[in-house]
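Structure first, commentary second.
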Amino acid sequence: MMTIADLRLNYTRASFSEDDADFDPISLFSLWFQNALDAKVIEPNAMTLATATATGIPSARIILLKAFDDRGFVFFTNYESRKGQELSENPRAALLFFWPELERQVRVEGIVTKCSREDSVSYFHSRPIGSQLGALASEQSQIIPNRDAIEEALKLLEEKYQDFEIPCPDNWGGYQLAPTLFEFWQGRPNRLHDRIQFRNEHGKWLRDRLAP
Ligand SMILES: Cc1cc2nc3c(=O)[nH]c(=O)nc-3n(C[C@H](O)[C@H](O)[C@H](O)COP(=O)(O)O)c2cc1C
């Protein structure tokens, strides 16, 4: 039987150089995201969000990217969840995309702020009804007695809002991570991968190659 220690792939698919990178990490991210869509990566907008408490105790989970532009990377969640509490005491966070079909990862680090209530409410109402009710039913990250408790809460809400618009909970909404650092990683043979980093200093993006 194969042991975990024997599991390894050699990455041979592509290379990535300064010539491909340009000096604008947002347009490079846009290109790589399109490549992930074209390659039919499953959930290309799934990303790890790493947060930490004020004293630096870290935590990470997968969430979905919902938009990005020059201002930042937008995601939606419960503001009172574990991540929400950590972001309220420490707005520094990191995002990580892994697109195995392309042998690529992208790191993004920066400062998180809440989206406007207007944007959160507007996105909330664009979600399927079931997801809207789910957000109302779940006090995300709290301990609950059992599965039935949440199913029961959902059932009551389904009845309550059968003929009414579902209100976006006050504790639910978007965050935007304004990037200060990007790293684009392309797997290469013999673990000698290509890594190009962009650091924002005084509004300008500085580009460096990192050792693999
Ligand atoms: C593919 C995938 C997408 C997810 N997307 C979201 C999301 O967009 N927002 C969210 O709050 N949780 C999302 N989750 C659930 C989170 O991983 C996590 O369980 C939840 O947000 C609670 O995290 P916390 O207790 O650390 O705050 C997703 C999970 C997976 C596997």
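The values are calculated or read from the model by the stated rules, or taken from the named source; none is laboratory data. All values derive from a computational prediction rather than experimental measurement. Cβ placement follows ideal geometry from the backbone for every residue including glycine, while neighbour counts extend to all protein chains displayed.
The table below lists the values:
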| read-out | value |
| --- | --- |
| Output for segment 10-50, where each listed residue is part of a loop (DSSP other than H, G, I, E, B) and within 20 Å of N200 (Cα to Cα) | S17, D22, F23, D24 |
| Residue count for segment 164-198, restricted to those that are crowded, with 19+ Cβ neighbours inside 10 Å, farther than 30 Å from H125 by Cα and of a type in the set (A, V, I, L, M, F, W, C) | 5 |
| Where E80 falls short, out of the listed (1) within 14 Å of the ligand (Cβ to nearest atom); (2) in contact with a Leu (Cβ under 7 Å, 6 or more places away or on another chain); (3) charged (D, E, K, R); (4) not in a helix (DSSP H, G or I) | (2) |
| Options D19, D38: the member that is away from the ligand (no atom under 15 Å from the Cβ), loosely packed, with under 14 Cβ neighbours inside 10 Å and modelled with pLDDT under 95 | D19 |
| Residue within segment 51-61 that is in a strand (DSSP E or B), under 21 Å from W172 (Cβ atoms), without any contact (Cβ under 8 Å) to a residue 40 or more places away in the chain and of a type in the set (S, T, Y) present | yes |
| Selected residue (criterion: nearest to the ligand (Cβ to nearest atom)) from residues of segment 53-68 that are small (G, A, S) and touching a Ser or Thr at 6+ places or on another chain (Cβ under 7 Å) | S59 |
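Yes/no per residue for (1) in contact (Cβ under 8 Å) with a residue 60 or more places away in the chain; (2) under 25 Å from E86 (Cβ atoms):
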| site | (1), (2) |
| --- | --- |
| S116 | no, yes |
| D119 | no, yes |
| S122 | no, no |
| I129 | no, no |
| Q140 | yes, yes |
| I143 | no, yes |
| D148 | no, no |
| K155 | no, no |
